[in-house]
1. From (1) assigned to a loop (DSSP other than H, G, I, E, B); (2) at pLDDT below 95, pick out the condition that doesn't hold for D438.
2. Could you list, in sequence order, all residues of region 284-327 that are small (G, A, S) and free of Cβ contacts under 8 Å to residues at least 24 places away in the same chain?
3. Mind counting the residues in region 467-490 that are at pLDDT 85 or above, within 21 Å of Y180 (Cβ to Cβ) and part of a loop (DSSP other than H, G, I, E, B)?
4. When residues of region 5-53 are filtered for being among the β-branched types (V, I, T), in a helix (DSSP H, G or I), under 20 Å from M136 (Cβ atoms) and out of contact with any Asp or Glu (no Cβ under 8 Å at 6 or more places or on another chain), how many remain?
5. Go through (1) in contact with a Lys or Arg (Cβ under 6 Å, 6 or more places away or on another chain); (2) outside any loop (DSSP other than H, G, I, E, B); (3) over 22 Å from A461 (Cα atoms) for E584 and report which single condition fails.
6. Considering each of A313, A346, A341, A331 in turn, give the residue that is part of a helix (DSSP H, G or I), of a type outside the set (D, E, K, R) and either in contact with an Asp or Glu (Cβ under 9 Å, 6 or more places away or on another chain) or modelled with pLDDT of 95 or more (or both).
7. Among the candidates V123, V73, which residue alone is part of a helix (DSSP H, G or I), within 17 Å of V145 (Cα to Cα), at pLDDT 95 or above and out of contact with any Lys or Arg (no Cβ under 7 Å at 6 or more places or on another chain)?
8. Scan region 217-257 residue by residue and report those that are β-branched (V, I, T) and touching a Gly at 6+ places or on another chain (Cβ under 7 Å).
Amino acid sequence: MAHKTVMELFDATARSHASKPALKAKKDGRWVETTWAEYREQIRTAARGFVKLGLEPGQGVSILGGNRPEWLVADVGAIYAGGFPAGIYTTSSAEQCQYIADHSDSAIVVVENAEQLAKILEVRGQLPKLKAIVLMSGDSSVEGVHTWARTMELGRSVPESELDARTAAQKPDDVCTLIYTSGTTGNPKAVMITHHNLVWTSRATFEAFGGALPDERAISYLPLSHIAEQAISIYAAATAGGCTWFAESLEKLGENLREVRPTLFVGVPRVWEKIQAKILEVGAQSSPLKKRIGAWARKQGLAGGYADQRHEARPLLYGLAEALVFKKVRANLGLDECRFAITAAAPIAKSTLELFLSLGIPIYEVYGMSECTGPATLSLPGAYKTGKVGKPVPGTEVKLAADGEVLMRGPHVFKGYYKNEEATRETLDEEGWLHSGDVGVIDAEGFLQITDRKKDLLITAGGENIAPQLLEGMLKGIAGVSQAVVVGDRQKFLAALVTLDPAKLPSIASEAGSPAKDMRAASECPKIHTWMLTRLDEVNRHLARVQTIKKVKVLPAELTIESGELTPTMKVKRKVVNERYAAEIAAFYD
């Protein structure tokens, strides 16, 4: 497969699919279409606008906004102009926005609206390389803030030849995108992804799935700062010549799915869980006869799904169950034309996978990370096993280290971490193997199953990577708190177990108005709990929404080395703590 740049991919697709839809977004209640020819023209105009605003090759363009056409145009436009797009989550605090914009050497920050603009204006004085701010929606009288229309107008004044020179100077192995991913020590790391990483991975993945349909459709709703959403909304669409539809909101996703009827749908576990809950809710309201038919059909569906995986014949009555139940369920969900229902970004419960399998909707697990441009393994029609994450992307390698760590190598592996050689050496070895930090097993047929995680990251049900140490450090900054353990892996929100300093307990009890005289009494006292929640609110004010800690439990005793909860160097043994306080943790999510 020949190396190509992102520009060559987009130019070729725009030529061969010029009049076909590339983007669709709701405006005044109706879907408005942008063709591939128009999409490419907008990308090039935005790129020229960035040049006019002072963007130099190798500088960053930070993008802070929700899913909309301008996000994609800004991202790819930055690449055309020789810059590095760097997405920022919309839930980020002003301080977090400042870190990414500064670390990425951003000359331009593109924001969606007044709310996001306010964050950048708050830290503008701490961004010495910032030359301009571009506002996707709305207007502003603030100096240095340009509307989207004005930026495009400026772009038209820049000769096409100037942009052509910038695109021609870029090579397939050049870095073209920065993906910021949570590290274990606080500040996120910037994953450097090349043109070849993006183009090769997208093409190899589509070829593994059997190629693209003439009318490939995907719906964009996950954060575009995440590699999974970029892989689908930007690069899968460009590879297939398909159309990216933008969901109006997460709340309207169900309605939009029925309108779009995507041929490809990627959901993080939390999304599949919400759909699962809706299915069960509707089922519970059915008549007794429909409930019996549904239960029978699901039994046929689960048996048929597992038979498919074993390459055996389905039950004789599977076709009847398909006609009576499965076909209607898929239509009601908007998944009746979906060839590939995929789950990615975080582990998913087997019970969720089996519910959809029992309804004739196999969900294909994909495993990967930003550092391998998204997918490392794929589950495919005719080659998938429920509870396993598939086989390596064709053309890549996956193996297990002596301790079971999953290693991967191939054209999809990133170039390193921007401005962080030490972290790069820790993750990429001299033979080109990417060390994932995940532990797994590979069965006799080559299917990978993830069993544990070496790296100390929590992955929420929404697919966000959370570094617990940063949050724990902030909790321990509360006067009187001695230890903290943040939990929430695979859950929809974060919570924390904390201990109090025994020496400070009297003053804490006095401040809280509590009669507690010892640690156990404090752990059970509602007034101490209220005192802790008040201080937790102050901590949460400085965090992104996905990082906020929703619930807290004061433990009756400190964690110790002697109890096996701490290592000799006083590090928390998370597995031990999670097992010892399983009941308390479960209570957070009951």
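The values are calculated or read from the model by the stated rules, or taken from the named source; none is laboratory data. All values derive from a computational prediction rather than experimental measurement. Note: ideal-geometry Cβ built from the backbone for every residue, glycine included; neighbour counts use all protein chains shown. Each accessible area value is taken on the protein alone, full model and side chains, heavy atoms only, with ligands, DNA and RNA left out. Shrake-Rupley method; radii C 1.70, N 1.55, O 1.52, S 1.80 Å.
1. The number of the failed condition is (1).
2. A284, S286, S287, A295, A303, A307, A313, G319, A323
3. Result for region 467-490: 2.
4. 2
5. (3)
6. Testing whether each residue is part of a helix (DSSP H, G or I), of a type outside the set (D, E, K, R) and either in contact with an Asp or Glu (Cβ under 9 Å, 6 or more places away or on another chain) or modelled with pLDDT of 95 or more (or both) leaves just A331.
7. Only one candidate qualifies: V123.
8. I227, the sole residue that qualifies.
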